[in-house]
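*Asks:* Can you keep this structure in mind? I'll have questions shortly.
The values are calculated or read from the model by the stated rules, or taken from the named source; none is laboratory data. These numbers come from a predicted model, not from an experiment. Methodologically, a virtual Cβ is constructed for each residue, glycine included, from the backbone with ideal geometry; neighbour enumeration extends over all protein chains shown.
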Amino acid sequence: MTQPPRGPVLIEVGDEVPDPAAAPAVDADEPAPEGRAMHLAARLGGRRMSLAARAFLAAVTGFIALAVGLAAWDFAARLLENRPALGWLAAGLAGLAVAAFLVLAAREALALARLRSLGSLRRAA
């Protein structure tokens, strides 16, 4: 299997070069797009949610996380009872997933700290 090329890639299309003058003309009578959907998305995304909506989302997210965690715990416990080797494998994979999550969380925390220090340098300048 060959490795993909690193760097720029030249794709030859032949001797014929397309002529921009041969492209169809743009209809000047047609109105330009306004981007209403993007304006609406920016307006809705920029708006801060109410306290009740944030509390609702936090409660629903916590409930789902609890249910998934309990299901995984029950699955691993039953697997340890019925098939000990597979149970230990599941426990090891769960531990690996938790360790990877902690590494990712630490990396994000360090990145936020770097951004905070850059912001303080920018304000000081």
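*Asks:* Could you check, for the range 21-39, whether at least one of its residues is at negative phi, surrounded by 10 or more Cβ atoms within 10 Å (Cβ to Cβ) and assigned to a helix (DSSP H, G or I)?
*Replies:* yes
*Asks:* Follow-up question, since we're still on this one. Any residue in the range 62-71 that is under 22 Å from the mean Cα position of the chain (by Cα), modelled with pLDDT under 85 and surrounded by 10 or more Cβ atoms within 10 Å (Cβ to Cβ)?
*Replies:* Checking the range 62-71: not a single residue is under 22 Å from the mean Cα position of the chain (by Cα), modelled with pLDDT under 85 and surrounded by 10 or more Cβ atoms within 10 Å (Cβ to Cβ).
*Asks:* Oh, and also: Please indicate, with yes or no, whether at least one residue in the range 45-55 is more than 23 Å from the chain's Cα centre (by Cα), exposed (fewer than 10 other Cβ atoms within 10 Å of the Cβ) and modelled with pLDDT under 80.
*Replies:* The answer is no, given that none of the residues of the range 45-55 is more than 23 Å from the chain's Cα centre (by Cα), exposed (fewer than 10 other Cβ atoms within 10 Å of the Cβ) and modelled with pLDDT under 80.
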